[in-house]
Amino acid sequence: GAVVSQHPSWVICKSGTSVKIECRSLDFQATTMFWYRQFPKQSLMLMATSNEGSKATYEQGVEKDKFLINHASLTLSTLTVTSAHPEDSSFYICSARDSGTSSNEQYFGPGTRLTVT
Amino acid sequence: DAKTTQPTSMDCAEGRAANLPCNHSTISGNEYVYWYRQIHSQGPQYIIHGLKNNETNEMASLIITEDRKSSTLILPHATLRDTAVYYCIVREWGTGNQFYFGTGTSLTVIP
């Protein structure tokens with residue numbers, strides 16, 4: 001089946017630094033990927049839609065200058081949390097849409113746990 | 001925004017069937033019902049989806065009411081590994097649009 005990977009699986013960084021999270025579709029092409037954030041005991045919240053070769057679309061309330069998204073290839077999207085603060089500590093999950101099938105199904109990555117100290 | 005409502009939590013005895021309800025009274029004609037589950041600290045896992053007919057796969061069965069305003073996910077023989085948060089989501093098939101997750105149901109399978 002279709003596999004989506006994320007790297008790193010967990011990361012600890014100091015306040016004020018930037019962290020990059022990668023999302024890769026391993027066996028299919030994904031022109032569109034999605035980034036979610038999940039705080040403890042809460043549901044997944046969609047942050048942005050990442051489109052290959054174009055600018056990402058951000059959900060209301062998500063700061064695009066803080067959460068930089070780059071989707072430079074059909075198999076890779078990156079989320080960079082800039083100037084991270086403790087309140088950015090969360091579980092970040094991506095999903096990738098299989099653009100090679102008519103169903104356009106999406107597959108989720110395993111998530112990245114970010115802790116900002 | 002999520003268009004579904006689910007009970008916050010449920011318990012189920014190991015080996016028994018787990019029946020998880022979902023209300024989606026505003027579902028439109030071209031929207032499918034999807035079910036995902038999330039085991040603690042993992043990404044969501046696809047379970048099943050359907051439009052109006054009942055569906056079954058190796059993981060579960062999906063029963064959709066005739067008016068399509070509600071559905072039930074059935075895990076026929078729950079095991080401890082089925083303990084997870086189960087999300088019911090409605091979305092148009094084939095569009096690849098984003099999923100909007102509701103609060104889900106936290107299912108605990110009890111030995």
Projecting the Cα atoms of B:Ser106, B:Leu75, B:Ile64 onto the charge dipole of segment B:41-106, where Lys and Arg contribute +1 and Asp and Glu -1 at Cβ, the residue farthest towards the positive end is B:Ser106
The exposure ranking of B:Cys22, B:Cys88, A:Cys13, fewest beta-carbon neighbours within 10 Å first, is A:Cys13, B:Cys22, B:Cys88
Whole-Å distance linking the alpha carbon centroid of segment A:33-90 with that of segment B:13-49 is 25 Å
Quick calc, segment A:15-71, dipole around Cα centre from Cβ unit charges on Lys, Arg (+) and Asp, Glu (-), nearest 20 debye, gives 180 debye
Taking a straight Cα-to-Cα line shorter than 13 Å from B:Lys69, and setting aside same-chain aspartates and glutamates fewer than 8 residues away, one finds B:Glu31
Going fewest to most other Cβ atoms within 10 Å around each Cβ, A:Ile12, B:Ile27 line up as A:Ile12, B:Ile27
The local net charge around A:Leu114, scoring Lys/Arg +1 and Asp/Glu -1 for residues other than A:Leu114 whose Cβ lies under 14 Å from its Cβ, equals +2
Here the gain from full extension of B:Ala13 to B:Ile63, 0.36 nm per residue of separation minus their alpha-carbon distance, amounts to 15.9 nm
Taking every other residue with Cβ under 9 Å from the Cβ of A:Gln29 and scoring Lys and Arg +1, Asp and Glu -1, one gets -2
Averaged over residues of A:35-48, the number of beta carbons from other chains lying within 10 Å of each residue's Cβ is 3
Rounded to one decimal in Å, the inverse mean reciprocal Cα-Cα distance for segment B:29-111, i.e. its Kirkwood radius, is 13.4 Å
Extend 7 Å from the Cα of A:Ser5 along its Cα-to-C-beta direction; within segment A:46-83, residues with backbone N under 18 Å of that point are A:72-79
Per-residue Cβ contact counts at 10 Å, fewest first, order A:Lys64, A:Lys14 as A:Lys14, A:Lys64
Dividing the mean separation of Cα pairs under 8 Å (6+ apart) by the residue count of chain A yields a relative contact order in percent of 37 percent
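Read-outs throughout are calculated quantities, based only on the coordinates presented, and are distinct from any laboratory measurement. Predicted model only: the values in this text are computed from it and were never measured. Cβ: placed from backbone, ideal geometry, glycine included. Neighbour counts: every protein chain shown.
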